[in-house]
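The numbers here are math on the coordinates, done by the rules we state, and not lab data. Keep in mind that what you see is a predicted model, and the values were worked out from it rather than measured. Please note: Cβ atoms are built from the backbone with ideal geometry, for glycine as well, and neighbour counts cover all protein chains shown.
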């Protein structure tokens, strides 16, 4: 009789050769499962962030931000990639701008999930880390490209940025916690009983 494989012993494999779940520390599956959970939680959290942001635009009848579109333009300039004639370039910026925001949102939570595989901070701490991390990734990128300067923002600007990221972080942490609970109960997230 042979012992468990290295992956099974380390909790990397989702299922053992006998069809039972091989969990890592604390009943969690391996790091790859945690990364996948992070991608899913990031997608849900990014949806929450966008909903809150767009509801703010609708309620206060304020203009939509074009910072992501300007970031796409700046990235195109830096990388010397042509977006085409201006009419087409405007459409490409309009399409790629939101994609840039979605990718940032999803990947930030995925990185957080992977980084917290072995140690899970309490939910309020986790929410704070995700909110600050999300803002740093998005705003840091925009600042690095010269699209905006957060040092010149007014309190109103910070509030418009922070409230959607609060929804983002709370949603991300709730989704990750829910997936952990389902996994510990022996069920795959999203799979019916």
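Here are the numbers:
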| read-out | value |
| --- | --- |
| Part-to-part distance (alpha-carbon centres) for region 61-102 and region 115-193, which is given in Å | 24 |
| Potential lengthening between residue 158 and residue 82 on full extension [0.36 nm per residue; Cα-Cα distance subtracted] | 24.1 nm |
| 16 Å cut-off, amide nitrogen to a point 7 angstrom out along residue 60 Cα→Cβ, residues in region 163-188 | 163-167 |
| Using a Förster distance of 22 Å, the FRET efficiency for residue 177-residue 32 (Cβ separation, nearest 0.05) | 0.70 |
| Efficiency of FRET between residue 99 and residue 125 - r from beta-carbon atoms, R0 35 angstrom, step 0.05 | 0.70 |
| By average C-beta atoms within 10 angstrom, highest first, the peptides 132-138, 33-39 | 33-39, 132-138 |
| Potential lengthening between residue 151 and residue 52 on full extension [0.36 nm per residue; Cα-Cα distance subtracted] | 33.3 nm |
